Amino acid sequence: MLNKNELRALMRERKQQFTQQQLGELSAIVVSHMREYLMLMDNIVAYYSLPDEVCTHQLLDELVTAGKTVYLPKVVSDTEMVLCQYTGRDSLQKGAFDIMEPTGPVLPKDKYEDIRVVLVPGMAFDKENHRLGRGKGYYDRFLNSFPKPRHAVFYGVCFDFQRVDAIPVDEHDVCMDGLIS
Ligand SMILES: Nc1ncnc2c1ncn2[C@@H]1O[C@H](COP(=O)(O)OP(=O)(O)O)[C@@H](O)[C@H]1O
Ligand SMILES: [Mg+2]
């Protein structure tokens, strides 16, 4: 089995086979697999995609237009992400790692029990829904901070080529409940 860093390198290699336009087209397919489901939900945690991730930009605006409460992560330290509500692109500002983040108030931790679904980006996901991130463990810590018993479903969102047979798992790694690709 490849170790985490070897898998990250493999994933970067696979992504380079696609142009930005192709990734956009593939993204539209993945988004079409979750749009209807998300329209039945509220209190959604999503992510504002980077160029090499399944593109969520249009979907986020559709959800807001449909009246959904949507939150995005905001990096506040070397280890911690918090949530802020996404109300539209005007409210975004470039944050750590060049990720666009909302500027509004931080959602208090005691409100996390209202969240129903979390869309989680990743570099790779395996057959047992394990996730490989970019190597800083932000999502592991963030997802671990949800109150238990948990009311939210964690969905890994990825391109098909990001699915692999097996990812090495450490004790701190948080498993997804399902994958959308
Ligand atoms: N819940 C946690 N508490 C403390 N450290 C953590 C936690 N989750 C992850 N880490 C740390 O983050 C680092 C990166 O985790 P890793 O799973 O390799 O990255 P990623 O999930 O981004 O692929 C690890 O060195 C790990 O010790
Ligand atoms: Mg991890």
Residue match in segment 137-151 (condition: open to solvent by 10 Å² or more (accessible area, probe 1.4 Å), out of contact with any helix residue (DSSP H, G or I) (no Cβ under 6 Å at 6 or more places or on another chain), in a loop (DSSP other than H, G, I, E, B) and in contact (Cβ under 8 Å) with a residue 60 or more places away in the chain): no
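Each row is one residue, and each column tells you yes or no for (1) assigned to a strand (DSSP E or B); (2) at pLDDT 95 or above; (3) open to solvent by 40 Å² or more (accessible area, probe 1.4 Å).
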residue	(1), (2), (3)
Phe97	no, yes, yes
Glu101	yes, yes, no
Asp110	no, yes, yes
Phe161	no, yes, no
Which listed residue, of Val174, Val157, Val169, is within 18 Å of Leu2 (Cα to Cα), in contact (Cβ under 8 Å) with a residue 12 or more places away in the chain and among the aliphatic types (A, V, I, L, M): Val169
Residue within segment 90-113 that is within 13 Å of ligand 1 (Cβ to nearest atom), touching a strand residue (DSSP E or B) at 6+ places or on another chain (Cβ under 8 Å), β-branched (Val, Ile, Thr) and under 26 Å from Asn3 (Cβ atoms) present: no
Test: Gln85 is of a type in the set (S, T, N, Q), more than 19 Å from Arg35 (Cβ to Cβ) and open to solvent by 20 Å² or more (accessible area, probe 1.4 Å): yes
Flag for Ala66 being over 30 Å from Val169 (Cα atoms) and either modelled with pLDDT of 95 or more or in contact with a strand residue (DSSP E or B) (Cβ under 9 Å, 6 or more places away or on another chain) (or both): yes
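The values are calculated or read from the model by the stated rules, or taken from the named source; none is laboratory data. Quick caveat: nothing in here was measured; it's all calculated off a predicted structure. Here the Cβ is made from the backbone with ideal geometry for all residues, glycine too, and neighbour counts use every protein chain on show. Side chains included, ligands, DNA and RNA excluded: accessible areas come from the protein's heavy atoms. Shrake-Rupley method; radii C 1.70, N 1.55, O 1.52, S 1.80 Å.
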